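S.K.: Shown below is the structure under consideration.
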Amino acid sequence: MKQALHIFGKDVRLYWIEILATLTVTALFVWIYPLGWGDLVGVSVWPWVPGAVTGLVPVSWLVLITRVIHAESLVGERQFWITRPYRWPQLLGAKALFIAAFIYVPFFLAQCMLLREAGMHPLAHLSGLFFNMLLTTGIAVLPMACLAAVTSNFAKMLLGLLCLILFVAGVAYLSSLLLSSSTTNSFGDVLGFIGPVSIFVAVLIIQYARRRTMLARALLTALAVTISVMGLFGPEDFAMGTTYPVSTDATGLHLVFRQAPAAASVTTSDSVDPREFTVVFPVAISGIAPDTAVKVDNVRVGLTAAGGVRWTSHWQGVYLTWLPGQTNGTVALKISRAFYERMKDKSVTVEMSLALTMLKSGSVTQLMLPEYRFELPGGSVCRNSGVWGNDISCLSPMRQPPLMLVTTRFTTEDCSAAVPSNDGDRGIGWIGTLDTQPAEFGLTSVWGSSVYFERLSSARSSERQHLCPGSQISFAPYTAVSRSQQKIMSQPLNLKSLVPSRF
Amino acid sequence: MSAAIETHSLTKHYRRTVALDRVTLEIPEGAVYALVGANGAGKTTLIRLLMNIFPPSAGSATVLGVASGEVGGHVFERIAYVSENQEMLDALTIGGLLDYVRPFYPRWDSKLEAQLVRQFDLPLQRKLKHLSRGMRMKAALASVLAYRPALIMLDEPFSGLDPLVRDELIESLRERSGETTIFLSSHDMSEVESFATHVGFLEQGRLLFSERMSVLADRFREVEVTMSAPANMEMPRDAPATWLNTQCSGATVRFVDSQFSGETPAALTALFPDAAKISMQPMTLRSIFVAIARSGRTQKIEIASEGEAG
């Protein structure tokens, strides 16, 4: 420990400019980031400033980590320290201590100050703060440290970073060549975190204990290639099957294709990829029990035309939630334009697999909408906001709030009356996520989110309606009960009838 | 006397290039060992293998009784390594460097440090990056001599230094000889001849010999045989293979005998019965290496290890 402190002291003396720069950027971040929350004096003149300062934080970390690791470079044969009585655990400890002192501590304090700025008590969110530090370690600090550990100087680190960026760009380009390949669920999150973190730790130990740079670089390259290949061509069926086992219908949910096409009543924007085409499948829903809901996470579709011509999509992320009493739903999916053009005048049968999360409602919180801020269960601080004054925006500690269904009733008059008449449409909206982790990875400890209300009555849909202080508003939390997969088959139908009208 | 350094068939390949080829040597404690050879002969590779800067491709070595693969950490409390191309903590001053390295060494001698600073006339407030090559080398040497290491490894320490600085460094090393083992590499024989007690010669990765300096000097003689009558001389058919660079010119035969001994004069008289004069001159280290390099028969020279010769 004595040696680690001695090396730490030397690093502090040598890199005080870099330390000062990092602390300054962190302080700027704490000062400027809350301006984007909208409560305070705005930054409308330079709206990019909060984002730019946020971007500077990891850049300052990268510079500081690289400089301090390169002070005792692990690559090469001419370094001063390799023939001095350095103990590698002490050297590694000195670097860890430096990073803790000048990255973690300021970052922790910055997160606490942001929480305070948002009106939340930092001590109430210690587990989230530490969990975010853990995520930050795995996602940012360890990769930066590894990059520094396998390069000999700052220029070579930048070259390595450039190679990494080019590699990611190449993978993104390859990904763009694949149709509808996005699967967006959280399967493999834990494995996807622990695996790379283990490799990063192994690389650092290999370098500090043995300085086997080629082996360390090979490990990092293998990790990057594995992640890319798994992302592009990974066994998505296996992953989806593991997360969403095929249903034995214990949920009671019953789904069938509706005969009447819903396409005409749905509008959609054209798909970005010209090789794809959006079609809308109408679905009849039944069996959703009271106090439950069904969230549709991913869908895959197989189309079979007469003659056995078949096209199957990848799993596609969709974000639908069906509530009790809802009998009709629509699922918009991208299909191959080439297949559509060939088969649009022919009958096809549709086989759709839906990856579903069954939700159960918790105890409902009801309140009168205050004029200013109000607090939700879970610690989120919300207010009535928006240009039209009919949505709600919230700041939440450490993560998005737990998934909640928000219901209210609008007022047709303006909000000048002492008591709102609540004579308008009923509005519902969702806020939050199903994640149960104590924190989401982020530089900020305060997450912004909004409820955009959907007005359920169509009779007065064109009328201006208001969400006034004093209106009744309820928040119903939902938790995931189970995940499953359901398959439904259609009768032969015409693809043309599924094409929505375009914007 | 036990060995400070021992190697057995130590080999290093860089892909297909053999940088060091089955080097076996033994350096006794207290020796001043000069490893000489041309640039690219493998001297730096051998030193770096011994310092565990990289691993060997084959063979083994021990340094102060520690396997070379384990050299590191606390072992360097007893080993000093200074190289002509070693990176330094350039942002530090000389005083800062000494302050920084001092706590690493339990046996640091502050009085010796002060003496070295005075002896080398080191400007303590000047940053290392602003120092001349000679001054950097003196600073590096001061930072290792002050902890009285059991072994000093110097890789081309005098390369590119002016004679004054070189003599200062040699003098400081000479003062430590006896209390410590010194291993230094050089491509200039004259700079090590004056104080080395042992010498090894590397050529293209192979150690041609490794022995005590005095034995080497005794073993080599520049021989000139002058015949009594002018004649076109020819070498005797039974001339030993240990004669290097034989030249016959008129009535004179010149060669270098690499295995000179007390019996050599009698043997020469027997081989050259008509000789009017046989002169056998001792050779400088430099002239020995020149003779070996020119001989083209180096592979036939008997390699004498320190164990055998010392």
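S.K.: What lysines sit close enough to B:Lys129 to cross-link, taking a C-alpha to C-alpha distance under 23 Å and skipping anything fewer than 8 places away on the same chain?
M.R.: The qualifying lysines are A:Lys10, A:Lys156, B:Lys138.
S.K.: Could you give the length gained on full extension between B:Lys277 and B:Leu124, defined as 0.36 nm per residue of separation minus the Cα-Cα distance, in nm?
M.R.: Full extension of this stretch gives 48.9 nm more.
S.K.: Along the Cα→Cβ direction, 7 angstrom out, place labels at A:Leu323 and A:Val201. What is the inter-label distance in nm?
M.R.: Computed distance between label sites A:Leu323 and A:Val201 equals 4.5 nm.
S.K.: While we're looking at this one, here's another question. How large is the dipole of the protein assembly as shown about the Cα centre if only Lys and Arg carry +1 and Asp and Glu carry -1, each at its Cβ, rounded to the nearest 20 debye?
M.R.: 1260 debye
S.K.: Among A:Met368, A:Met489, A:Ser474, whose Cα projects farthest towards the positive end of the dipole of region A:352-503, with charges put on the beta-carbon of Lys, Arg (+1) and Asp, Glu (-1)?
M.R.: Toward the positive end, the furthest listed residue is A:Met489.
S.K.: Please compute, for peptide A:210-218, the average count of beta-carbon atoms on other protein chains lying within 10 Å of each residue's beta-carbon.
M.R.: For peptide A:210-218, the averaged partner shielding equals 1.
S.K.: Another question, then. So, R0 is 51 Å and r is the distance between the beta-carbons of A:Phe441 and B:Ser132; what FRET efficiency does that work out to, to 0.05?
M.R.: The value I calculate is 0.50.
S.K.: Restricting the count to DSSP beta bridges whose residues both fall in region B:138-270, what percent are antiparallel, rounded to a multiple of 5?
M.R.: 75 percent
S.K.: Right, something else. Cross-link candidates for A:Lys487: which lysines have Cα within less than 26 Å, leaving aside residues fewer than 8 places away along the same chain?
M.R.: A:Lys295, A:Lys334, A:Lys344, A:Lys346, A:Lys360, A:Lys496
S.K.: Which residues' amide hydrogens lie under 5 Å from the amide hydrogen of B:Leu20, considering only partners 5 or more residues apart or on another chain, with H built in the peptide plane?
M.R.: The answer is B:Lys12.
S.K.: For the Cα atoms of chain A, what angle does the longest principal axis make with the long axis of helix A:16-32, in degrees from 0 to 90, nearest 10?
M.R.: Here the helix axis deviates by roughly 20 degrees.
S.K.: Next up: Give the angle, between 0 and 90 degrees and rounded to the nearest 10, that separates the Cα long axis of helix A:88-99 from the longest principal axis of the Cα atoms of chain A.
M.R.: 60 degrees
S.K.: Among B:Phe120, B:Ile79, A:Leu158, whose Cα sits farthest toward the positive end of the charge dipole of the protein assembly as shown (+1 at Cβ of Lys/Arg, -1 at Cβ of Asp/Glu, about the Cα centre)?
M.R.: Selected residue: A:Leu158.
S.K.: Then there's this: What is the dipole size for region A:76-160, taken about its Cα centre, with +1 at each Lys and Arg Cβ and -1 at each Asp and Glu Cβ, in debye to the nearest 20?
M.R.: 300 debye
S.K.: Still on this structure: Could you sort A:68-75, B:82-89 so that the peptide with the highest average Cβ count within 10 Å comes first and the rest follow in order?
M.R.: Highest mean packing first, the order is A:68-75, B:82-89.
S.K.: How would you order B:14-22, A:472-480, B:62-70 from highest to lowest mean count of nearby Cβ atoms within 10 Å?
M.R.: Ranked by mean Cβ neighbours within 10 Å, highest first: A:472-480, B:62-70, B:14-22.
S.K.: Also, I was wondering about something else. Across peptide B:71-79, what mean number of C-beta atoms from other chains lies inside 10 Å of a residue's C-beta?
M.R.: 4
S.K.: I need the calculated FRET efficiency for the pair A:Lys360 and A:Leu166, taking r as the beta carbon distance and R₀ as 45 Å, to the nearest 0.05.
M.R.: Step by step, r from the Cβ atoms, then E = 0.45.
S.K.: Right, another one. Using helices alone, what [θ] at 222 nm do you get for the protein assembly as shown, with -39,500 (n - 2.57) per DSSP H run of 4 or more residues, divided over all residues and rounded to the nearest 500?
M.R.: Taken over the protein assembly as shown, the calculation gives -10000 deg cm²/dmol.
S.K.: Calculate one ³J(HN,Hα) per residue across region A:359-370 by plugging θ = phi - 60° into the Karplus curve 6.51 cos²θ - 1.76 cosθ + 1.60, and present them in order as whole Hz with x for glycine and proline.
M.R.: 10, 10, 7, x, 6, 7, 9, 10, 8, 8, 4, x
S.K.: Okay, moving on. Which length gain, in nm to one decimal place, applies between A:Phe233 and A:Leu177 when the Cα-Cα distance is subtracted from 0.36 nm times their residue separation?
M.R.: That works out to 18.9 nm of additional length.
S.K.: Placing +1 on the Cβ of each Lys and Arg and -1 on the Cβ of each Asp and Glu in chain A, which of A:Leu395, A:Val318, A:Val141 has its Cα farthest towards the positive end of the resulting dipole?
M.R.: The residue sitting most towards the positive pole is A:Val141.
S.K.: Starting from 0.36 nm per residue, how many nanometres of slack lie between A:Ile139 and A:Thr433 once their C-alpha separation is accounted for?
M.R.: Residue separation times 0.36 nm, minus the Cα-Cα distance, leaves 103.8 nm.
S.K.: Quote the relative contact order of chain B in percent (integer), defining contacts as alpha-carbon pairs under 8 Å separated by 6+ residues.
M.R.: Relative contact order here is 20 percent.
S.K.: When chain B is modelled as a GNM with alpha-carbon springs shorter than 10 Å, which of B:Leu131, B:Leu145, B:Leu25 fluctuates the most?
M.R.: Looking only at B:Leu131, B:Leu145, B:Leu25, the largest GNM fluctuation is found for B:Leu131.
S.K.: Something else: Could you work out the mean count of beta carbons from other protein chains within 10 Å of each residue's beta carbon in A:82-95?
M.R.: For peptide A:82-95, the averaged partner shielding equals 5.
Bear in mind that the values in this text are calculations on the coordinates, not laboratory data. Just so you know, these numbers come straight off a predicted model, no measurement behind them. Quick reminder, even Gly has a Cβ in these numbers, built from the backbone with ideal geometry, and neighbours come from all protein chains shown.
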